[in-house]
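The values are calculated or read from the model by the stated rules, or taken from the named source; none is laboratory data. Values in this document were obtained by computation on a predicted structure and should not be read as measured data. Virtual Cβ from ideal backbone geometry, glycine too; neighbours counted across all protein chains shown. Calculation scope for accessible area: heavy atoms of the full protein, side chains included, ligands and nucleic acids excluded. Shrake-Rupley method; radii C 1.70, N 1.55, O 1.52, S 1.80 Å.
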Amino acid sequence: MLLLSAVEGVQARTRVLLKTLRRLGLPTLVFVNKIDRAGAREEGLLDDVRRLLTPYVVPLTGVEDIGTPHARVVPRPLTAPGVATTLAEVDTGILAALVDGPAPTEDDLRAPLAAHTAGGSTHPLFFGCVLDGQCVAELVEGIVRFVPAPTPERRGTTEAPRGTVFAVRPGPGGERRAYVRLYEGEVMKRQRLTFLRGEADGRTTEVAGRALELTVVGQPGASSLTAGNIAELRGVPGIRVGDRLGEVTDRAPQFAAPTLETLVRARHPAKAAPLRSALLSLADQDPLLHARPAGSGATALLLYGEVQKEVIAATLAEDYGIEADFEPSRVRFLERPAGTGEAYEEMPWLDQTHHMATIGLRVEPGARGSGTVFAYETELGALPRAFHQAIEDTVHATLRSGPHGWAVTDCRVTLVRSGFSSQHSTAADFRALTPYVLLLALERAGTRVYEPYHAFEVELPLDALAPVTARLAAYGTEFGETTGGRTAWLVTGELPARHVRDMELCLPGLTRGEGVWWSRPSGDRPLRAERY
């Protein structure tokens, strides 16, 4: 549901929101609030919506005495002027009826409106006033009529359970309560389940749960969760949003990698440990928040934007009673191996001042998007399991900071040599020696730094094209298409993510507040050598 004000009307951010909703193909209803405020408009606002937002809007209510305390909502029939012509632009059947006759009736228009709303191409619009509840019931009815109900792919109970954790909330006693939607199969109360988690480095880990406490939402007393339904789960410690039950790669959350990084510290040093605990807990509940411990009592956060800082700071203060300070954000670059490198260190060390371990590692480039892959060329069983795990865990931890100080990704690290002393070697020896060997192999392979880019679209008034494109060019933009020229310009392209915020801040001044900016992450590109 897209909310507008009958007074302020269509704002730049509103246009960005609807553009995103239409790109995702989500059914969207428009609700115009505050019809009782002075300055509220009806026809003028509808003209602005069709001109600035979308021409495919169908008003289903009107207003009497708009802009006064006596404003009242009245229904609009589907046969009102403009409804059929709006639908005709997206429906050939309605177009044929308008051209050849007879004119479509309300019954003829109802099903096409529902179908095109469900597809995200047409948007029913309601006027109302939330303060006194006007049109709220009609809006709820519109949601039922025009938004398709989710249906499971298969309702059988013979398939293995398949679902996704979409929310995690702390319970009264601090225990995690996870909400899972099931797509296939059936889950019984007290059943043991294993969830799969995709890590940022490309690995998949398992999260095992003990006997589940399960409550089906909307079905009190149900003994099982069946496909198409939602349940609250307890008994899975460490569960996070996005964890998957079974292989649901097609439904896994598809979020672009965050492009900003910051450090956050407690304003009062005694709150350092509670701050880190709170941030890690919030990261479990929100897939858009990435937190990990950093040095000197700080916690590193990966962010999508500056507003996210404000939200996190307010949440920490209100929910946890912790005041936090954030360092200025910096754009998060990445490193990838430029070639193949190999290094090893042998034991024994006769002076007993070095590590009692033998480790040989080879580093080579991996496929784009593969993250970090760890493999073995040594014989299975050549090392105790604890030593193998120590090497693998340390490899992933070490790759958080490569030779240039950025996380290393899309690489394959292979253990090519190993050895230990049954009397003297410990897992600590392997954890201590692995970073030295790995960084030596990375140095021999060489790494190249990549910076994130954003694809953008910007709508400009006619006289603002030259100053805006000049500023974009100064930021190293690679331009795409420039179209329009009659009432406005639409410029597309890609620019480095480190300049997106600067462009957003200067655009209002260059366009008298009329420019509309929209951007999204679009991958990364090699960083020019002069910026290393």
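Solvent-accessible surface of segment 360-439, averaged per residue with a 1.4 angstrom probe and all protein chains in place: 46 square angstrom.
How much net charge surrounds T259 when only other residues with a Cβ under 11 Å from its Cβ are counted (Lys, Arg +1; Asp, Glu -1)?
Details: positive: R330, R332, R498, R501, R520; negative: E261, E451, D524.
Net of charged neighbours comes to +2.
On a 0 to 90 degree scale, rounded to 10, what angle separates helix 106-118 from the longest Cα axis of the chain? With rounding to tens, the tilt is 20 degrees.
With Cα atoms defining each centre, segment 470-526 and segment 362-384 are spaced 41 Å apart in the structure.
Here's the list of lysines a cross-link from K34 could span, going by alpha-carbon distance under 25 Å and ignoring same-chain residues fewer than 8 apart: K19.
The charge dipole of the chain, taken about the Cα centre with unit charges on the Cβ atoms of Lys, Arg (+1) and Asp, Glu (-1), comes to about 820 debye, rounded to the nearest 20. Only DSSP H runs of four or more residues enter the estimate; each adds -39500 (n - 2.57), and after division by the residues of the chain the mean residue ellipticity at 222 nm equals -8000 deg cm²/dmol.
Quick one: compute the contact order of segment 419-532, relative version, from alpha carbon pairs under 8 angstrom and 6+ residues apart, as a percent. Kindly include the intermediate steps, with their values, before the conclusion.
Values: 146 pairs, mean separation 40.8, N = 114.
That works out to 36 percent.
For segment 406-419, the Karplus equation 6.51 cos²θ - 1.76 cosθ + 1.60, evaluated at θ = phi - 60°, returns couplings of 10, 4, 9, 9, 6, 9, 10, 10, 10, 7, 10, 8, 8, x Hz by residue, with Gly and Pro reported as x. What a 1.4 Å probe finds exposed on the chain is 53% carbon and sulfur by accessible area, rounded to a whole percent.
May I ask you to derive the relative contact order of the chain, considering only C-alpha pairs under 8 Å and at least 6 residues apart, and to give it as an integer percent?
Working: 1087 pairs, mean separation 50.2, N = 532.
Worked out over the chain, it gives 9 percent.
In degrees from 0 to 90, rounded to the nearest 10, what is the angle of the helix 427-445 Cα long axis to the longest principal axis of the chain? For 427-445 against the chain, the angle is about 70 degrees. Rounded, prolate or oblate, given the Cα gyration tensor of the chain, with a/c below 1.5 counting as rounded? The shape class here is prolate. Hey, what did segment 349-441 get for relative contact order, percent, Cα under 8 Å, at least 6 apart? About 50 percent, as a whole number. Each residue of segment 358-372 was assigned a 3J(HN,Hα) from its phi angle through the Karplus curve 6.51 cos²θ - 1.76 cosθ + 1.60 (θ = phi - 60°); the sequence is 10, 9, x, 10, 10, 10, 8, x, x, 5, 4, x, 7, x, 10 Hz, with glycine and proline shown as x. Here K271 is the anchor, and the aspartates and glutamates within straight C-alpha reach of less than 16 Å, apart from those fewer than 8 places off in the same chain, are E318, D319, E323, D325.
Rank by packing, highest mean first: peptides 294-302, 439-447, with packing defined as the count of other Cβ atoms within 10 Å averaged across residues.
The peptides rank, most packed first, as 439-447, 294-302.
In the neighborhood of G128, defined by Cβ-to-Cβ distances under 15 Å, what is the net charge if each Lys or Arg adds +1 and each Asp or Glu adds -1?
On the way: positive: K34, R37, R41, R72, R76; negative: D36, E42, E64, D65, D132, E138, E141.
After counting each charged neighbour, the total is -2.
The protection proxy used here, the mean number of other Cβ atoms lying within 10 Å of each residue, ranks peptides 373-380, 429-436, 222-229, 23-30 as follows, highest first: 429-436, 222-229, 23-30, 373-380.
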